[in-house]
Amino acid sequence: MVGNGKTPNGGGPESGGFSSMSRTGARRGRELNFQSLFEALPGKYLVLDRGFEIVAVSHQYLIATNRTRDELISQNMFDAFPDNPDDPAATGVRNLRSSLERVLKTKGVDTMPLQKYDIARPQEKGGGFEVRYWSPTSSPVLENGEVVYIIHRVEDVTAFAKLKQEHAGVQGQSAEWHQRVQGLEAEVFAH
């Protein structure tokens, strides 16, 4: 069962969908609790409904975003994770919304390129926003050929993105230094 009492197959707890596995059966007398399994996945996952309301979230996603399950369940994705108001060039919300809308339209997986999408830092950790880079993929959950949920998976690639930026800066400095050396060599050999 997800946070709102519904399961990804649209039913309540009695339908068995997310919370237990009754059709294919319990193993050795135990019901399979899909909510516990989902929350314990070793990855950062959200389940969104068609209106982009968060209906389930994995523990690793909570850790990566410094949020609690109660803060996210039943929230619209873009209310829970707005753009950084201090970054006028922020495009995270617009890009992610476009990706999720493509999933609804195409009923297919949408993998986005590296995205800068800052996240709010809790007040007890200083508040404001923290710069983050993500590698997101969104996949549809189809029922009778229609998208009923979207599974949104992210990888936090902030360390990689920052390292790449530092490397580009060093390369730029190196190129500038190389040009200066060539200029000095030209002057020395000209005399």
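The values are calculated or read from the model by the stated rules, or taken from the named source; none is laboratory data. These figures come from a predicted structure and were not determined experimentally. Cβ coordinates were reconstructed from backbone atoms using ideal geometry, including for glycine residues, and neighbour counts include every protein chain displayed.
Across segment 90-100, not a single residue is classified as hydroxyl-bearing (Ser, Thr, Tyr), exposed (fewer than 13 other Cβ atoms within 10 Å of the Cβ) and in contact with a strand residue (DSSP E or B) (Cβ under 7 Å, 6 or more places away or on another chain). Can you find, within segment 106-138, the residue that is modelled with the highest pLDDT among those that are surrounded by 15 or more Cβ atoms within 10 Å (Cβ to Cβ) and of a type in the set (Gly, Ala, Ser)? Across segment 106-138, the extreme among qualifying residues is 138.
Out of segment 94-124, which residues are part of a loop (DSSP other than H, G, I, E, B) and closer than 21 Å to residue 150 by Cα? Within segment 94-124, 107, 108, 109, 112, 113, 114, 117 meet the criteria.
Scanning segment 141-191 for residues that are small (Gly, Ala, Ser), modelled with pLDDT of 80 or more and out of contact with any Leu (no Cβ under 7 Å at 6 or more places or on another chain) yields 145, 159. Would you confirm whether any residue within segment 154-171 is touching a strand residue (DSSP E or B) at 6+ places or on another chain (Cβ under 8 Å), under 20 Å from residue 67 (Cβ atoms) and in a helix (DSSP H, G or I)? Yes, there is a match, as at least one residue in segment 154-171 is touching a strand residue (DSSP E or B) at 6+ places or on another chain (Cβ under 8 Å), under 20 Å from residue 67 (Cβ atoms) and in a helix (DSSP H, G or I).
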